[in-house]
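Shown next, in structure tokens, is the structure this report addresses.
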Amino acid sequence: MPSGNPFPIVGTAYPAASISGQAPRITSLLVKPASAVCNLDCEYCFYLDREADPYKDLPARIMPEDVLERLVDGFLFYSYPASVFAFQGGEPTLAGLSFFEKLVHFQQKYGRNGHTISNSLQTNAILLDDAWCAFLRNYNFLTGISIDGPEEIHDRHRFNRAGHPTWRKVVEAIERMQKHGAEFNILCVLSQANVEKPRELYRFFRSIGAEHLQFIPLAEFHPDGSPMPFTVTPEQYGRFLCEIFDAWWPDRRKVRIRFFDNLAEAVAGIKPGSCTMHETCDSYVVIEYNGDVYPCDFFVESSWRLGNITLDSFPEIARRQRRYQFAVNKTLPHEECRVCEYQSICHGGCPKFRHGPHRRFEDLDYFCRAYKMIFAKATGPLRREVEKLLGRNTASAANPY
């Protein structure tokens, strides 16, 4: 969810070339085949049963086959020679294994010679039986599995619709994936249940054979801007990242942590894989179950709808003025960003975390202090590591810190 930095620094206008019609390309899709429908009822979920959900009154939300075919055909034509599909929810496996078998069929039907197509799936893993695992292995899906740590931590917030714990089913699914040789990543949500336990989490994930980790900090707020009880503070998240960095550093050649991968890419002068560290928010779009298109997973709201793939082509969607309007929100100036030594890494942070507390895109990212803590600790070692791996000096790159 790529190279070059074509966009301006914080506080400048959106590129004139974009306004004239040369829209930044949509480089990947985040597809919601079952929309916000889920078979879990995680206490901290921001996506389930939210008031802003455009489809909250529509109970049946599985992407129809004709929409799926139009999606694949249109995006493969637009994105050739490299097409990236990511599937999330809600819970995407609720669309059924047959849905994903049709997906692969359509990709084979509409792909062309020299076409590289990649698929990923983010799941709570509850439905991953042997048939699912074999399919994911056979078609080289990269599967992200959500698990928040050891049993007593995971089951604090992640339970099913009947209120029962889910940890054991998730661990069994991980063992099943390993048995089938299916590649998987771990996605761990950081809440008050685990943010103070970085080394315990790291040891646990290593003990279950995980080699690719991603940590997502919780930051949800009441209407008055006060944080909800499970939300982590910037100081907690900063300490967590610093301690995880220390635990991970001896294993850095065999374990991948997405935040540090992205930071290393930024240090090397490469556009990071995470959109959070991009200069504007326009690298991917969200495709809802009915074909509606949105610019960001955190802003699937009627006011940000870009179009529908059954009516609009991807070039048309890419050029929509509303897409530019959303992308430019990340460049809105803040006085602290103008003078920050790390501005060329985070570019103002994530619009979700800027907008969340008080509904203002021009505010500081809620986790700004956390970023400064980990950047101060990790950029030096990562730069030296990058220099070793690349066999060259990156000091002359565009990152001056």
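The selection criterion, being surrounded by 14 or more Cβ atoms within 10 Å (Cβ to Cβ) and within 21 Å of the chain's Cα centre (by Cα), does not hold for ARG320.
Residues that are touching a helix residue (DSSP H, G or I) at 6+ places or on another chain (Cβ under 6 Å) and buried (at least 21 other Cβ atoms within 10 Å of the Cβ) were ranked within the stretch 346-364; the one that is nearest to ALA376 (Cα to Cα) is CYS346. If you check ILE374, ILE317 for being touching a Gly at 6+ places or on another chain (Cβ under 9 Å), under 29 Å from TYR78 (Cβ atoms) and at pLDDT 90 or above, only one passes: ILE317. Taken as a whole, the structure places LEU213 among residues that are assigned to a strand (DSSP E or B) and either among the basic types (Lys, Arg) or open to solvent by less than 10 Å² (accessible area, probe 1.4 Å) (or both). Take ARG156 and tell me if it is assigned to a loop (DSSP other than H, G, I, E, B) and of a type in the set (D, E, K, R). Answer is no for this residue.
Yes/no matrix, rows are residues, columns are (1) touching a Phe, Trp or Tyr at 6+ places or on another chain (Cβ under 8 Å); (2) in a strand (DSSP E or B):
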{"position": "ARG70", "(1), (2)": "no, no"}
{"position": "PHE77", "(1), (2)": "yes, no"}
{"position": "THR93", "(1), (2)": "yes, no"}
{"position": "PHE100", "(1), (2)": "yes, no"}
{"position": "ASN113", "(1), (2)": "no, no"}
{"position": "ILE117", "(1), (2)": "yes, yes"}
{"position": "ALA125", "(1), (2)": "no, no"}
{"position": "LEU128", "(1), (2)": "no, no"}
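Of everything in the stretch 249-276 that is within 20 Å of the chain's Cα centre (by Cα) and in a loop (DSSP other than H, G, I, E, B), the residue that is nearest to CYS350 (Cα to Cα) is SER274. Set side by side, the residues SER35, SER83 differ, and just one is part of a loop (DSSP other than H, G, I, E, B) and crowded, with 16+ Cβ neighbours inside 10 Å, which is SER35.
Checked against the criterion of being at pLDDT 95 or above and either in contact with a His (Cβ under 8 Å, 6 or more places away or on another chain) or outside any loop (DSSP other than H, G, I, E, B) (or both), the stretch 10-29 contains one or more residues that satisfy it. The residues listed here are THR331, THR233, THR310, THR280; of these, the one that is among the polar types (S, T, N, Q), surrounded by 20 or more Cβ atoms within 10 Å (Cβ to Cβ) and more than 16 Å from the chain's Cα centre (by Cα) is THR331. In this structure, VAL195 does satisfy being in a loop (DSSP other than H, G, I, E, B) and open to solvent by less than 10 Å² (accessible area, probe 1.4 Å). When the stretch 159-171 is filtered for residues that are assigned to a helix (DSSP H, G or I) and either surrounded by fewer than 14 Cβ atoms within 10 Å (Cβ to Cβ) or among the hydroxyl-bearing types (Ser, Thr, Tyr) (or both), only ARG168 remains.
Condition check: closer than 24 Å to TYR289 by Cβ and touching a Gly at 6+ places or on another chain (Cβ under 7 Å). Does LEU94 satisfy that?
no
The values are calculated or read from the model by the stated rules, or taken from the named source; none is laboratory data. Bear in mind that the values here come from a model prediction, so they are computed numbers and not experimental data. Methodologically, a virtual Cβ is constructed for each residue, glycine included, from the backbone with ideal geometry; neighbour enumeration extends over all protein chains shown. For the accessible areas, the whole protein counts, side chains as well, though only heavy atoms, and no ligand, DNA or RNA atoms are used. Shrake-Rupley method; radii C 1.70, N 1.55, O 1.52, S 1.80 Å.
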